[in-house]
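The values are calculated or read from the model by the stated rules, or taken from the named source; none is laboratory data. None of the values given here were measured: they were computed from a predicted structure. Here Cβ is always computed from backbone atoms with ideal geometry, including for glycine, and neighbour counts include all displayed protein chains. Side chains are part of the model used for accessible areas, which takes the heavy atoms of the whole protein and leaves out ligands, DNA and RNA. Shrake-Rupley method; radii C 1.70, N 1.55, O 1.52, S 1.80 Å.
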Amino acid sequence: KSKGEKESRAKVAMVAELEELLVKLIRLVANISICAEVGSSIVQQPGIQVLVPLLHESLLSNREELLLNVVSCITNLSYYGTTSSSIGGGGGALERHAAEEEEEAKG
């Protein structure tokens, strides 16, 4: 086997491992978000909004396990949302992202 093939296989294996880690971390956040105190705290963190583009990307790239776990996490967090939260009630980031996608499709 050529050096290029070995490097390519190593890269694919590393990406798969990183995706598996990401799925596990998202599943963890989804599970701990069941606790009201934890969930309401997590939904207020600015970094949590990364779930919205991750949802979009996992859908486009046909990564079903990642997609299902992101949906689960967003669902759990949306229970605690307020209009000022990154993900929660009132749609917030989800509605903005959908509007941005619609604008991109038009233009």
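If I filter region 58-73 down to residues being exposed (fewer than 13 other Cβ atoms within 10 Å of the Cβ) and not hydroxyl-bearing (Ser, Thr, Tyr), which single residue comes out as modelled with the lowest pLDDT?
By that ranking, first place goes to ASN62.
So which residues in region 25-51 are β-branched (Val, Ile, Thr), free of Cβ contacts under 8 Å to residues at least 40 places away in the same chain and buried (at least 16 other Cβ atoms within 10 Å of the Cβ), if there are any at all?
ILE42, ILE48
Here's the yes/no breakdown for (1) open to solvent by 60 Å² or more (accessible area, probe 1.4 Å); (2) modelled with pLDDT of 90 or more:
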| site | (1), (2) |
| --- | --- |
| PRO53 | yes, yes |
| THR75 | yes, yes |
| GLY89 | no, no |
| GLU95 | yes, no |
